[in-house]
Amino acid sequence: MVLVTAVRDYMNRMLQDISGMKVLILDSQTVSIVSVAYSQSELLQKEVFLVELVDSISISKESMSHLKAVFFLRPTPENIQHLRHQLANPRFGEYHLLFSNMLKDTQIHILADSDEQEVVQQVQEFYADFVAVEPCHFTLNISSNQLYMLPAVVDPSSLQHFSDRVVDGIAAVFLALKRRPVIRYQRTSDIAKRIAQETAKLMYQQESGLFDFRRTEVSPLLLILDRRDDPVTPLLNQWTYQAMVHELIGIQDNKVDLRNVGKVPKDQQEVVLSSEQDAFFKTNMYENFGDIGMNIKRMVDDFQQVAKSNQNIQTVEDMAKFVENYPEYRKMHGNVSKHVTLVTEMSKIVEERKLMLVSETEQELACNGGQGAAFEAVTNLLNNESVSDIDRLRLVMLYALRYEKESPVQLMQLFNKLASLSAKYKPGLVQFLLKQAGIEKRTGDLYGNRDLLNIARNMARGLKGVENVYTQHQPLLFQIMESITKGRLRDVDYPFVGNHFQQGRPQEVIFFIVGGTTYEESRAVALQNASNSGIRFILGGSVILNSKRFLKDLEEAQRIAKSSTNVI
């Protein structure tokens with residue numbers, strides 16, 4: 001419950017001390033932070049009768065002096081300007097200014113000077129500057145995520161803005177957890193090193209007093225990783241429930257937009273998929289697609305039993321019981337139809353795009369050797385008219401990442417074939433991926449063929465066989481967690497920042513992946529936490545990726561790199 005609980009505690013403290021009717025005013029980022037942790041009905045219970053965005057409220061002139069305004073904003077220059085305008089002509093009876101991160105002294109002075117009518121009751125910092133999508137998974141929803149792929153010289157100010165936002169988010173997580181970590185980073189990544197150093201500077205120098213919490217025997221570990229060390233995971237099709245919904249339909253802040261999906265009733269056009277609010281989802285989010293179908297059938301059967309008993313109303317007592325249980329019945333009905341809609345839509349996409357065929361080859365490329373057979377399988381799928389352009393591109397990328405050094409001639413053949421078959425294909429995109437995340441750029445043993453231990457493990461797995469050919473891939477993060485658990489994470493690959501070293505095995509590890517996390521990785525973290533290894537892992541990143549978003553970031557970075565005079 002770690003992260004979600006931390007944000008909910010902050011929300012409770014913000015709202016319960018202010019009695020009476022309130023309006024909650026958020027910005028484009030805090031609206032995500034609040035919506036994943038707190039439902040609308042819970043806000044109503046706290047007497048919040050209106051939720052507004054700060055930029056739209058700045059336009060309105062209507063007086064609402066009967067309401068108390070609770071602002072929960074990121075401490076950005078734009079938001080401080082919005083507040084200046086608000087305080088010049090106050091529309092509300094009271095102003096409570098709450099910020100999601102550390103305010104600068106200059107910002108506090110600006111607010112104090114602006115409050116000429118003395119309507120501000122309090123100014124406070126509540127460190128909920130991250131979107132806690134799950135108890136051990138957070139994101140920062142950074143829109144310009146592609147910047148991590150570009151050298152600092154291309155756009156220094158945008159990259160500074162990007163790394164500032166990441167450092168702010170990481171700092172808020174540790175302030176919410178009341179911890180100060182030792183920090184390590186991936187040696188081959190400039191951006192990971194930069195963020196690690198800036199985070200250390202903030203925690204140990206600029207704001208050392210704020211982070212001076214009671215010491216634990218062993219400090220927690222913050223490990224900064226670069227998405228490009230494992231470009232395979234975001235390129236793969238997914239076959240477990242949560243990851244599959246994000247890959248095929250898309251999840252944003254635990255919500256799924258179903259407006260483009262066939263005939264969906266109005267109240268089901270946007271549905272919530274949250275393990276905190278949906279017991280069926282909580283139980284099944286990491287199950288594979290085949291089992292989900294069976295479990296949904298069971299849920300439908302249970303619902304039909306309840307519906308049948310509701311039809312059998314004979315006495316006044318039956319009627320009273322029905323009325324009493326009706327809200328629960330409605331909720332159950334909504335839940336059943338939500339999961340049936342999602343699984344039906346995904347089955348349709350799997351069939352249309354022949355994803356079982358495609359995915360089998362993807363998994364072979366990610367997990368098993370055999371270059372000749374892989375080339376033949378990819379070529380056959382490129383020639384298959386049922387395979388979509390995006391799936392063709394992903395297959396060639398997965399082949400290129402695996403065999404870039406072993407078969408350059410065949411790789412060129414695949415590039416040419418891809419260019420001739422896919423009208424939308426941007427020339428050079430696969431080569432750009434290799435430049436960004438090829439074998440020379442990676443630290444980890446992505447394919448388990450560099451390190452003797454990993455080679456032995458792969459051979460053992462090959463002999464034992466796999467339970468499910470579609471879910472045999474393990475993200476690189478899984479290996480890193482194993483190395484940490486066994487005390488084998490190499491200092492040379494993941495150096496420490498400064499002179500703060502780890503004494504003994506950490507009990508808490510926070511990963512931050514610059515460039516974004518995937519739901520496959522958050523599943524690996526949740527399963528590792530459930531195995532009681534004595535270490536609690538938390539995963540965070542700049543965004544939550546699916547293959548579409550990963551490719552979009554790659555294309556955008558390639559476009560900027562081309563238009564830049566600086567050669568990448």
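The values are calculated or read from the model by the stated rules, or taken from the named source; none is laboratory data. Bear in mind that the values here come from a model prediction, so they are computed numbers and not experimental data. Cβ: placed from backbone, ideal geometry, glycine included. Neighbour counts: every protein chain shown. These area figures cover heavy atoms from the full protein model, side chains too; ligands, DNA and RNA do not enter into them. Shrake-Rupley method; radii C 1.70, N 1.55, O 1.52, S 1.80 Å.
Residues that are more than 13 Å from Thr379 (Cβ to Cβ), open to solvent by 60 Å² or more (accessible area, probe 1.4 Å) and in contact with a helix residue (DSSP H, G or I) (Cβ under 8 Å, 6 or more places away or on another chain) within the range 392-426 comprise Lys405, Glu406, Ala423, Lys424, Lys426, listed in sequence order.
Filtering the range 499-525 to residues that are touching a Phe, Trp or Tyr at 6+ places or on another chain (Cβ under 7 Å) and on the phi > 0 side of the Ramachandran plot leaves only Gly515.
If you scan the range 26-37, which residues turn out to be among the hydroxyl-bearing types (Ser, Thr, Tyr) and open to solvent by less than 10 Å² (accessible area, probe 1.4 Å)? Passing the criteria: only Thr30. Would you confirm whether any residue within the range 455-468 is under 26 Å from Gly370 (Cβ atoms) and either in contact with an Asp or Glu (Cβ under 8 Å, 6 or more places away or on another chain) or modelled with pLDDT of 90 or more (or both)? Looking through the range 455-468, none of the residues is under 26 Å from Gly370 (Cβ atoms) and either in contact with an Asp or Glu (Cβ under 8 Å, 6 or more places away or on another chain) or modelled with pLDDT of 90 or more (or both).
Of all residues in the range 501-510, those satisfying the criterion of being surrounded by fewer than 18 Cβ atoms within 10 Å (Cβ to Cβ) and within 29 Å of the chain's Cα centre (by Cα) are Phe501, Arg505, Gln507. Residues of the range 68-109 being open to solvent by 60 Å² or more (accessible area, probe 1.4 Å) and closer than 28 Å to Asp164 by Cα, which ones? Hits for the range 68-109 are Pro77, Glu78, Gln81, Arg84, His85, Lys104, Asp105, Thr106, Ile108, His109.
Condition check: within 18 Å of Glu125 (Cβ to Cβ) and free of Cβ contacts under 8 Å to residues at least 60 places away in the same chain. Does Val70 satisfy that? Considered against the rule, which asks whether it is within 18 Å of Glu125 (Cβ to Cβ) and free of Cβ contacts under 8 Å to residues at least 60 places away in the same chain, Val70 comes out as yes. Of the residues that make up the range 231-252, is at least one among the acidic types (Asp, Glu) and in a loop (DSSP other than H, G, I, E, B)? Within the range 231-252, none of the residues are among the acidic types (Asp, Glu) and in a loop (DSSP other than H, G, I, E, B). Scan the range 141-157 for residues that are in a helix (DSSP H, G or I) and surrounded by 14 or more Cβ atoms within 10 Å (Cβ to Cβ) and jot them down. Those that are in a helix (DSSP H, G or I) and surrounded by 14 or more Cβ atoms within 10 Å (Cβ to Cβ): Asn145, Gln146, Leu147, Tyr148, Met149.
Just one of the listed residues (Val218, Val261, Val256) is in contact with a Gly (Cβ under 6 Å, 6 or more places away or on another chain) and not in a helix (DSSP H, G or I), and it is Val218.
Of the residues making up the range 227-253, those that are in contact with a Gly (Cβ under 7 Å, 6 or more places away or on another chain) and open to solvent by 10 Å² or more (accessible area, probe 1.4 Å) number 1. Residue selection: Ala557 satisfies the criterion of being part of a helix (DSSP H, G or I), at pLDDT 80 or above and touching a helix residue (DSSP H, G or I) at 6+ places or on another chain (Cβ under 9 Å). Could you check the range 410-436 and list, in sequence order, the residues that are in a loop (DSSP other than H, G, I, E, B) and of a type in the set (Gly, Ala, Ser)? Of everything in the range 410-436, those that are in a loop (DSSP other than H, G, I, E, B) and of a type in the set (Gly, Ala, Ser) turn out to be Ser422, Ala423, Gly428.
Within the range 174-190, residues that are touching a residue at least 40 places away in the same chain (Cβ under 8 Å) and crowded, with 21+ Cβ neighbours inside 10 Å reach partners that are part of a helix (DSSP H, G or I) and among the basic types (Lys, Arg) with beta carbons closer than 7 Å, at six or more positions or on different chains, in the pairs Tyr185/Lys193. For the range 204-223, check the following and say yes or no: at least one residue is within 21 Å of Thr443 (Cα to Cα), open to solvent by 10 Å² or more (accessible area, probe 1.4 Å) and in contact with a helix residue (DSSP H, G or I) (Cβ under 8 Å, 6 or more places away or on another chain). Within the range 204-223, not a single residue is within 21 Å of Thr443 (Cα to Cα), open to solvent by 10 Å² or more (accessible area, probe 1.4 Å) and in contact with a helix residue (DSSP H, G or I) (Cβ under 8 Å, 6 or more places away or on another chain). Just one of (1) modelled with pLDDT under 90; (2) open to solvent by less than 40 Å² (accessible area, probe 1.4 Å) fails for Ile349. It is (1). Within the option set Phe375, Phe415, being of a type in the set (Phe, Trp, Tyr) and out of contact with any Ser or Thr (no Cβ under 9 Å at 6 or more places or on another chain) holds for one residue only, Phe415.
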